[in-house]
Amino acid sequence: MEPFVIDVPDPVLDDLRATEARLNALGSSTTTVDGDHEQVVDRDRLLDNVMLYWLTNTGASSARLYAESYDRPNLDAVSVPTGCSIFPREIIPASRRFIEARFTDLRTYVEHPRGGHFAALEQPAALVDDIRTFARALA
């Protein structure tokens with residue numbers, strides 16, 4: 001079987017390199033092992049994730065939430081059942097006091113020793129455990 005090869009034009013490679021640079025700049029919100037992000041999330045997995053946004057041209061729409069939330073955050077109380085997984089390297093950490101005040105039906109709250117904004121990539125087992133615990137709390 002022949003290996004799958006894609007001929008990627010130089011402008012596209014430049015785009016990918018620029019994206020990689022932006023992702024590296026996000027490093028403060030991710031977990032590292034001695035400063036090495038690839039010890040936590042390997043380059044292939046990260047590239048797979050980035051490619052989903054790039055190939056489907058959904059990067060801008062996925063970032064829209066951030067752009068709109070920074071200028072005018074919605075701080076209204078949320079009354080639906082809520083579970084929170086708190087990872088220490090989150091971009092904007094929320095205190096338990098803030099969470100309990102805003103989410104009036106807080107069913108689960110877990111603080112983790114490792115992880116950041118990309119918890120599903122960095123600490124998938126911990127996140128899945130939290131989701132299952134929350135689902136059981138709803139029963």
(message) When the residues of the range 104-133 are narrowed to those that are part of a loop (DSSP other than H, G, I, E, B) and farther than 18 Å from D42 by Cα, which ends up modelled with the lowest pLDDT?
(response) P113
(request) Give the range 55-66 a look and list any residue that's more than 17 Å from P93 (Cα to Cα) and assigned to a helix (DSSP H, G or I), or say none. (result) L55, G59, A60, S61, S62, A63, R64
(request) Would you check which residues across the range 48-78 are surrounded by 10 or more Cβ atoms within 10 Å (Cβ to Cβ) and in contact (Cβ under 8 Å) with a residue 24 or more places away in the chain and list them? (result) N49, V50, W54, V78
(request) Take the residues in the range 80-139 that are basic (K, R) and under 20 Å from the mean Cα position of the chain (by Cα), then tell me which one is surrounded by the fewest Cβ atoms within 10 Å (Cβ to Cβ). (result) R132
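The values are calculated or read from the model by the stated rules, or taken from the named source; none is laboratory data. Computed from a predicted model, the values in this text were never measured in an experiment. Backbone-built Cβ (ideal geometry, glycine too); neighbour counts: all protein chains shown.
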